[in-house]
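Participant: Following this message is one structure expressed as structure tokens.
The values are calculated or read from the model by the stated rules, or taken from the named source; none is laboratory data. Worth saying up front: this structure is predicted, and the values here are computed from it rather than measured. No Cβ is skipped: glycine too gets one built from the backbone with ideal geometry, and neighbour counts run over all protein chains shown. Areas reflect the complete protein model, heavy atoms only, side chains present, ligands, DNA and RNA absent. Shrake-Rupley method; radii C 1.70, N 1.55, O 1.52, S 1.80 Å.
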Amino acid sequence: MLSLSVGVIDASAGDADPHYRICVSQCEESGCVGERCFPNCKFSSDGEPIDRPWYMQEPLYLQWKKWDCQSDCRYYCMLDREKEKELLNQGPVKYHGKWPFSRIYGMQEPASVAFSALNLAMHFHGWVSFFILLYYKLPLEDGKKAYYEYAGLWHIYGLLSLNSWFWSAIFHSRDVDLTEKLDYSSAVVLLGYSLLVAILRSFNIRDEATRVMVAAPLIAFVTTHVMFLNFYTLDYGWNMIVCVVMAVAQLAIWAVWAGVSRHPSRWKLWLVVFAGGLAMLLEIYDFPPYEGLLDAHALWHATTIPLTYIWWSFIRDDAEFRTCDLVKKAK
């Protein structure tokens, strides 16, 4: 139901630490941190980095599992600095806007990757089960078309959810400019579309012309915001405000509709709204990763897994409820 990406600011206490800065600077000159040396750090005879033109560099699919010199230097200097601070009984701090995570198989935030993948799987299961219910278990109008008026909207929602969680897993695996923008853009599009579906379903808007009139300004806003993030500046603070407003708005719409409607599965809506609202607090209450793996953001991804199952269960119940009602009227 919800997909919210939280931005980070590049300037943090960790990367302002003089010891860390010296370590990174020395590593970029020598290609080594202590006894660890990195093959990605290649230098010319005068000590300057070799910056090959784009057509001589490795293709992206070969670079994907590798790390460049700067990334390796920052990572291992961060680890060494955190070990030193631990001996001094000092807590961890953020480096370049991120907590000090431990890599696993080259993945930057392995817990978030795993939970994003599970969310992706849960949405796929929910969407497929919804499709099977509509076209193989419920009666069809004229033997071809589903009676449920919101079927098309939920199919699009399923595709956008799969896209969003796919890029979430990729971004948490490897944070580069491209994956960051794809993750943020996908999350914004999903949130905007989820808000649109909430409006259309709760107000029972079935006329195509009215749907277009309602959707047009929201689509225009989301499109403008995505273009702003990608082609002007990736303003994390503004993006947070936009995402939170759209998330809270749709939660409020569903909560009110569940209260005034007589939907047989309204309790599932209340559960998702209440639990989803509590889960959003994990994005506000940030804390360092336990054992370098599990932080607040990863836990937020974990909480959305069962909520996704309940959410698709409500969608299937709604399809059954509306189909039975429409079949009765048709008779």
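Participant: Please turn the phi angles of region 244-258 into ³J(HN,Hα) values with the Karplus equation 6.51 cos²θ - 1.76 cosθ + 1.60 (θ = phi - 60°), one per residue in order, whole Hz, x for glycine and proline.
Facilitator: Running phi through 6.51 cos²θ - 1.76 cosθ + 1.60 with θ = phi - 60° gives 5, 4, 5, 5, 5, 4, 6, 4, 5, 4, 5, 5, 5, 4, 5 Hz.
Participant: Leaving ligands, DNA and RNA out of it, report the carbon-plus-sulfur percent of the accessible area of the chain at a 1.4 Å probe.
Facilitator: Roughly 64 percent of what the probe reaches on the chain is carbon or sulfur.
Participant: While we're on this one: Averaged per residue, what accessible area in Å² does the chain show with a 1.4 Å probe, protein chains only?
Facilitator: 54
Participant: Give me the number: length gained by fully extending PHE221 to ASP235, i.e. 0.36 nm times residue separation minus the C-alpha to C-alpha distance, one decimal in nm.
Facilitator: 3.5 nm
Participant: Which residues in region 100-122 place their backbone N less than 20 Å from a point set 7 Å from the Cα of LEU79 along the Cα-to-Cβ direction?
Facilitator: The answer is 100-114.
Participant: Same structure, new question: Among GLY34, GLY143, GLY126, whose mean-square fluctuation peaks in a Gaussian network model of the chain (Cα, cutoff 10 Å)?
Facilitator: Checking each option, the largest mean-square fluctuation is seen for GLY143.
Participant: Check which residues have an amide H placed less than 5 Å from SER12's amide H, if you skip close sequence neighbours.
Facilitator: Amide H to amide H, under 5 Å and 5 or more residues apart or across chains, SER12 pairs with HIS96, GLY97.
Participant: Once fully extended, how much extra length lies between ARG21 and PHE287, figured as 0.36 nm per residue of separation less the alpha-carbon to alpha-carbon distance?
Facilitator: 93.4 nm
Participant: In this model, which of LYS98/LYS268; LYS144/LYS329; LYS145/LYS268; LYS85/LYS181; LYS268/LYS329; LYS137/LYS329 are farther than 23 Å apart at the alpha-carbon?
Facilitator: In this structure, LYS98/LYS268; LYS145/LYS268; LYS85/LYS181; LYS268/LYS329 exceed 23 Å between Cα atoms.
Participant: Could you give each residue of region 185-191 its phi-based ³J(HN,Hα) in whole Hz, using Karplus coefficients 6.51, -1.76, 1.60 with θ = phi - 60°, and x for Gly or Pro?
Facilitator: 5, 5, 5, 5, 4, 5, 5
Participant: Which of the following values of Rg and Dmax of the Cα atoms in Å was calculated from the structure shown: (1) 21.5, 87; (2) 23.8, 86; (3) 22.3, 98?
Facilitator: Only one option fits the structure, namely (2).
Participant: Given the protein chains as shown and a 1.4 Å probe, how many square angstrom of PHE203 are accessible, to the nearest 10?
Facilitator: 140
Participant: Next question, about the same structure. As I understand it, the value is the acute angle between the Cα axis of helix 110-132 and the longest principal axis of the Cα atoms of the chain; what does it come to in degrees, rounded to 10?
Facilitator: With rounding to tens, the tilt is 20 degrees.
Participant: Between ALA330 and LYS145, what is 0.36 nm times their sequence separation minus the Cα-Cα distance? Round to one decimal in nm.
Facilitator: The ALA330-LYS145 span can extend by a further 65.2 nm.
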